[in-house]
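Coordinate-derived values only; no laboratory data. If you're wondering where the values come from, they're calculated on a predicted model, not measured in any experiment. Cβ: placed from backbone, ideal geometry, glycine included. Neighbour counts: every protein chain shown.
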Amino acid sequence: MAGGDRRFILHFDWTLFIVVLALAGIGLVSVISASYTSAHRTLDPLVIRQLIWIGAGIVAMLIAVLVDYRTLQAYAYPFYVLVIGLLIAVMISGHATGGSRRWINLGAFHLEPSELAKLAVVLVMVRYLREEPPKGGWGLRHLIIPFILLGIPAALVLKQPDLGTGLILVLITLTLIFVSGLNLRTMLVLAMAAMLAAPLSWHYLKPYQRQRLVSFINPQADPLGSGYHIIQSEIAIGAGGPFGKGFLKGTQARLNFLPEQSTDFIFAVFAEEFGLAGALLLLTLYAGVIARGAWIARHARDRFGALLAVGLTAIVFWQVAVNIGMATGMLPVVGITLPLVSYGGSSLIAMMAAMGILISINTRRYLF
Amino acid sequence: MAKFHIPKSNRPVPLLEPRIAALTAVMFAVLGLVSVRLYYLQVLHHKENVELADRNRIRIQRLPAPRGLVFDRNHRPLVDTKPSFDAQLVPEDSDNLSLTIERLERYTGADQIAGKISDADEEGRPPYEPVTVAERLGWQQVVALEAHQLELPGVSLQITPARHYLYGQLAAHLLGYVGEVTKNDLIQKADYHMGDEIGKFGLERVWESSLRGDAGGQEIEVDAVGRRLRVLKEIPDKPGESIVMTIDLNLQQAAEQAMAGKNGAFVALDPRNGDVLAMVSHPAFDPDIFGGGVKASAWRELTTDPNHPLQNRVIQGIYPPGSTFKIVDTIAGLQEGTLNPETAYNCPGGLWFGGREYHCWRHQGHGTIELHDAIVRSCDVYFYNVGAKLGVDRIAKWSNQLGLGIKSGIDLDHENPGTIPSSAWKQKRFHERWYPAETLSVAIGQGYVATTPLQMAQVAAQVASGGIRYRPQFVKYVEGLDGNIAKSYPPVIENRIKIDPDALEVVKDAMADVVNGAGGTAHKAHLDNVVVCGKTGTAQVVGNNAPVGESEEEDKTPDQFKDHAWFIAFAPKDHPTIAAACIIEHGGHGGSASAPVIHDVFQRYFQLNPPPPKPEIARVLEDASPSQ
C-alpha cells in the first residue's frame, strides 16, 4: 500500500459511496415505516439493529476498499468452499423460520449463507472466466465447469428452499458467461434448452411455489392465499400515488396488510409513503450503481477486475429487478431482498462489502 | 506483481466492452419498464388502489339502535332489551375450523355454525370479520367458553342488547317476536343489513318502523388481522320509539291464568272504543327463543306441534259460533222486523223442516216461549224459526253489519275473516243454490258459519255499545324519544247500526239472565257486584254428531270429540266497559268451560276498575247508616 494512500484518497469513488449510503438511508427510513405501529411510537428494535448493520456494512465496505481486489483471485476458491460448507451446515442444523432453513445461529447474529453464496459464485466464476475465451467465444464444453460451480450452491440453496437466491445465482452466472464472451450459437442452444426445461422444472417445484406461479398469472384465483402478497403489494404501491402518503402515513404496512414488509416487500412500504417520486429516486440511485458499475468494469485494469465489476453490479441489478418486479406484480413472488434497502444483516453487510470491492476496483485502475 | 494476471493494453477489456454496453442497455431498459409499471400503478390506477387500501383498513360497523320498549296501558314495561352474550367466530383465526366449530357447538349447544359462516361468506363477509354463531348464551355456556378459550381460536364473546319479553309467554301472539333478517327481507328492504333484528310477528312486526329506530355506525380502522385499532368516525344511533299498548298487564295476567292449561282463545275489548284489554291464545310460545337465530330443533318443534302454538287463535282460529250466534239472529230479526220481543214459538224438542226433524238440544222441548226465554235457555227450535223467517241472506247481511265474515281491521297479520254463508256465497263457492233447510243450521251457528273469537267479542261489544262497532286496536300511542306522544290511535268506528233501545234492552236483559237468571246457562260467570251479560255457545266438533247441548253439566265425551265451548259477554249491563269472547277447544259446554274464564277476568277487571255501586247495594248502604 506504500505510496498508494494519497492516490487512494484522491481516487476514492465518492459517487458510488454516497449512492450506497443514500440507498442504505432509504432502507433505514423504510424499516422505520415497516415496523412502526401507532400503538407504541418508540423505535422498534428492528430499526436499532438495522442501524447497527449499516454501521457494520460501512466498515465492511471500507475494509473491502482497502484490500487490493486482485488478492481476491487467490481467495476465490477457498471462500467458495467455505460458503458451500456453510450451506451444508444450514441444511443440517440451520435455524428455520417460515418453513425454510436459511440461517445459522451465531448467537447475536443469524448468518444467512445464501447472501454470501452470491458473492462466492461471482468470485469463483470471475476467477474461472478471467482467461480469454478461445476465438469465437465460449462453447458448451467450456461451460461445464462454470455450471458445476453454479450447480452445487444453487442446489443447496434451492433445497432450503430459497428459490429467489437460486434464481439470482443462475442469473449472475449467465450474465458473467455472456459478458466474458459466450459463443452466440451456444447462447441460442442454451436459450432453447431453457425453454424446453421450463415445463419440466414445474415438476420439481414445491406445491407452494407452483401456487405462487398460478397466483402470479391470476392473483384473484386465491386472493387470501398466495395471491394475497401480490394484491396487497400492488395496492400499497398504487395507493402511494405520485407523491406518496408521507412518512409513517402508509396504512398497508402499518396495519400489517403487507407481508414481509421489512424484507422482501420493503419496496411497497417505501412506494406507499413516498409515491412515484420516491420510487423513481430509488430507481435512479440503483441506475447510478449500475452505470457506475458498468463504467468501472469498462475502465478496470484487468479482465478479472472488469468481470468482477460486472458480476457485483449484476447481483444488485438482478435483485432489484426481481424484487421490484415482484412487488409491482410483474413477476411471481420469490423471496429476494432489495439490495442495501431491505432489513437484514447478512444481506446488507454482504452487499456493502460488494460495493466496497467495486470501489476498490475503481480506485486501483491507476495503480500501475 | 508477477503473480497477477497482467493485461496487455491499458484498456484491458476491449472484447468485453460491447457486451458490457449491451448488458447495461438491458439493465436500463428493465428499470425503464419498472418505471412504466410504477406510473401505471401509482398514477393511472392511483384512485382504485387508494380505495382498495381504505377498504382494507376501514370497516363500517353498523350499530343497530336499541329497539323501542313496549308498555301496557299503565306504562308498565312488557318488552325491553337486556345485554346478552353472543359468541363470535373469526374463521380466519382458526387453524382447524371444523374442530373449533365442533367444540363450539358442544360448549354452547348451538347448531349449524358452519352454515352460518358459509351464509355470511355468501353475503360478502370481508376477511377477518367475525360471524355471530351463537346468541343469547346462558351463564353456563359463557363460563364454558371462557374456560376453554385456548381450544377455541378465533372465538370471542360479544355483549349485545337483546330483546327480552319480561313475562315470557304472556300475550305472546300479540307482542310477537323478533328474529334475524332473512335473505328475502334483505332483498326487499334496502336499509336492512345482515344480522339485523327485525320484527317477525305480531306487534313487533307491524310496528317495526317505530320500534326499530335508526342504526348508527362506526368507521373502524382495522389491521390485517382484523384487530380493531381505532374509531375513525362515529354516527350515533337513534333508538326506536316505544309503544304503549291498550292491554292491561294485570288483566292480561288474569286472562293467561284463567286460560292456563287450556287450548283456546280469549279476548277482551273496551266496547266504548275498541281497545283490546287482553288477548290470549293458547297454547303459546316463548318469544325469547326467537331472539336472533332460533335453533332449528326449537323451530321444528313449534311448527310441527299439532296444537299450532304459533297460530293466534284470536284472529286466525275459525270456529262455528254455535249458540252465541243466536244474538246475531236476534239483532237481525229485530232490525228486519221479523222478530219482536213478544214473538213466541213452540218448542216440542224439535222442528220438522224439509222432510227431516231438526232437534233442540233439550229433547223434552221448551214449550211455547218468547224471545227473552229463548235466549236465556238457548232454545234451538225458537231460532230455527227466527232463521227460517229471515232467510239466509238477511242473516248474512246483519252478520256482516255485526262484523262477521269480514276482517275486523285489527293491525295484525293473517287475520281470518271467517265465513258467513249466503245464497250468493254458496253459488259462487259450490255452484249450487241455497236450500232453505241449510238456514236452520246457520241460525244456530253451525253449518258453514265460521267466526274468530275476536269477531264474537266484537258482537258482544257492539251489543254492549248499542250498535257501534269499533276497530279493535291494541296500541294506544307511540311514545317518542322525548316522552311525548309521537302518534296516537284514536278510536275508529267501523260500523254503526241503529237498534231500537227497547229491543236492545230486551236482548241485554236476556243476556243478563243467561248469567244471573233462573234457567240461565252461564251462572259461572256471575259476579256479585256487577251485572254480567253473556251468551254461551257450543261449537260442534266435526265427527261428533251428538246433539249440541247447552247446560252447565260436565260433558263426559272423550276430549278430542268434545265440543268447543264458547262464551261471549259484556259488563256492566248498563254502560258496559268490557266485552269479551272466550273459546275453549274441546271444553264441552260454554257455561262450564268458558264462562269461568270470563268470570275470572271480569272479576279482576272490576277490582282494577271498580264499577259504580249497584242501586240495590247503594240502598243497603244507605239503610245501614241512617244517621249519616
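The table for this structure:
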{"read-out": "Sequence of A:VAL126, A:VAL81 once ranked by neighbouring C-beta atoms within 10 Å, starting from the fewest", "value": "A:VAL81, A:VAL126"}
{"read-out": "18 Å reach of a label modelled at B:TYR39, 7 Å along Cα-to-Cβ, counting backbone N of region A:312-330", "value": "A:325, A:328-330"}
{"read-out": "Volume per residue that the Cα convex hull of region A:236-294 spans, once the total is divided by residue count, Å³", "value": "73 Å³"}
{"read-out": "Dipole of chain B, positive direction: furthest Cα of B:ASN250, B:HIS164, B:PHE28, with charges on the beta-carbon", "value": "B:PHE28"}
{"read-out": "Ranked by how many other beta carbons lie within 10 Å on average, peptides A:325-331, B:89-95 from highest", "value": "A:325-331, B:89-95"}
{"read-out": "Descending principal axes extents, region B:259-392, alpha-carbon based, whole Å", "value": "62, 38, 26"}
{"read-out": "Length-normalised contact order of region A:37-167 in % [C-alpha pairs under 8 Å, at least 6 apart]", "value": "23 percent"}
{"read-out": "Reciprocal mean inverse distance between Cα atoms of region B:141-259 - Kirkwood radius, Å", "value": "17.9 Å"}
{"read-out": "Candidates A:TYR36, A:TYR208, A:TYR75, ranked by Gaussian network fluctuation over chain A, Cα under 10 Å, top entry", "value": "A:TYR208"}
{"read-out": "Region B:60-245 - convex hull of alpha carbons, volume per residue in Å³", "value": "129 Å³"}
{"read-out": "Using distinct alpha-carbon pairs, which all enter the 1/r mean, Kirkwood radius of chain B in Å", "value": "29.0 Å"}
{"read-out": "Under the span-like rule (Cα at least 27 Å along the axis, Kyte-Doolittle mean at least 0.0), DSSP H helices of chain A", "value": "A:14-35, A:45-66, A:72-93, A:184-202, A:266-299, A:303-327"}
{"read-out": "Calculated SAXS-style log₁₀ I(q)/I(0) at q = 0.15 Å⁻¹ - region B:251-608, Debye, Cα scatterers", "value": "-1.29"}
{"read-out": "Amide H contacts under 5 Å for B:VAL131, placed H, 5+ residues apart", "value": "B:LEU89, B:VAL90"}
{"read-out": "Cα centre as origin, Lys/Arg/Asp/Glu Cβ charges: chain A dipole, Debye", "value": "680 debye"}
{"read-out": "Vicinal HN-Hα couplings computed from phi for region B:428-441 (Karplus, 6.51 cos²θ - 1.76 cosθ + 1.60; Hz; Gly/Pro x)", "value": "5, 7, 10, 6, 9, 7, 7, 9, x, 4, 5, 4, 5, 4"}
{"read-out": "Cα Rg, Dmax (largest Cα-Cα span) when computed across region B:383-470, Å", "value": "13.4, 39"}
{"read-out": "Under 28 Å from the Cα of B:LYS389 - lysines, other chains or at least 8 residues apart", "value": "B:LYS326, B:LYS397, B:LYS407, B:LYS426, B:LYS428, B:LYS498, B:LYS508, B:LYS535"}
{"read-out": "Within the protein assembly as shown: Cβ-based charge dipole about Cα centre, in debye rounded to nearest 20 (Lys, Arg +1; Asp, Glu -1)", "value": "6640 debye"}
{"read-out": "Region A:174-310: projected area of the alpha-carbon convex hull, averaged over directions, in nm²", "value": "11.4 nm²"}
{"read-out": "Cα Rg, Dmax, the protein assembly as shown, angstrom units", "value": "47.0, 153"}
{"read-out": "Low-density loop cleavage sites - trypsin sites (Lys or Arg not before Pro) in region A:99-202, where at most 13 other Cβ are within 10 Å (DSSP)", "value": "A:LYS135"}
{"read-out": "Dipole magnitude of chain B about its Cα centre (Cβ charges: Lys, Arg +1; Asp, Glu -1), debye to nearest 20", "value": "1980 debye"}
{"read-out": "Length-normalised contact order of region A:4-366 in % [C-alpha pairs under 8 Å, at least 6 apart]", "value": "29 percent"}
{"read-out": "Semi-axes of the equivalent ellipsoid for region A:4-366, Cα gyration tensor, largest first, Å", "value": "32, 26, 19"}
{"read-out": "For region B:251-608, with +1 on Lys and Arg beta carbons and -1 on Asp and Glu, the positive-most of B:MET456, B:PRO436, B:ILE331 along the dipole", "value": "B:PRO436"}
{"read-out": "Stretch gain in nm, segment B:LEU150-B:LEU608, where the contour uses 0.36 nm per residue and the Cα spacing is subtracted", "value": "159.2 nm"}
{"read-out": "Residue among B:ILE395, B:GLY534, B:VAL276 farthest towards the positive dipole end of region B:251-608, charges placed on Cβ", "value": "B:ILE395"}
{"read-out": "Cα-only Debye scattering, region A:231-350: base-10 log of I(q)/I(0) at q = 0.17, 0.21 Å⁻¹", "value": "-0.82, -1.11"}
{"read-out": "Along chain B, longest interval not containing exposed trypsin sites (Lys or Arg not before Pro), exposed being DSSP loop plus at most 10 other Cβ atoms within 10 Å", "value": "B:9-432"}
{"read-out": "Distant alpha-carbon pairs in region A:114-220 (separation over 22 angstrom), percent", "value": "39 percent"}
{"read-out": "Rel. contact order, % - alpha carbon contacts under 8 angstrom, at least six apart, chain B", "value": "13 percent"}
{"read-out": "Other protein chain Cβ atoms within 10 Å, averaged over every residue that makes up A:303-311", "value": "4"}
{"read-out": "Spin-label pair A:TYR204/B:ILE499, simplified geometry with 7 Å Cα→Cβ offset, distance in nm", "value": "10.3 nm"}
{"read-out": "Calculated FRET efficiency for the pair B:ILE485/B:ASP214, C-beta based, R₀ 25 Å, to 0.05", "value": "0.80"}
{"read-out": "Crossing angle, helix B:16-39 versus chain B [Cα axis fit, 0-90 degrees, rounded to tens]", "value": "20 degrees"}
{"read-out": "Size of region B:61-112 as Cα extents on the principal axes (Å, biggest first)", "value": "54, 27, 15"}
{"read-out": "Folded to 0 to 90 degrees: helix B:595-608 orientation relative to chain B principal axis, Cα", "value": "80 degrees"}
{"read-out": "Using alpha carbons only: equivalent-ellipsoid semi-axes of region B:130-177, gyration tensor based, whole Å", "value": "30, 12, 7"}
{"read-out": "Region B:347-420: mean projected area of Cα convex hull, nm²", "value": "6.6 nm²"}
{"read-out": "Neighbourhood charge, 15 Å Cβ-Cβ cut-off, centred on A:ILE145 and excluding it, Lys, Arg +1 and Asp, Glu -1", "value": "+2"}
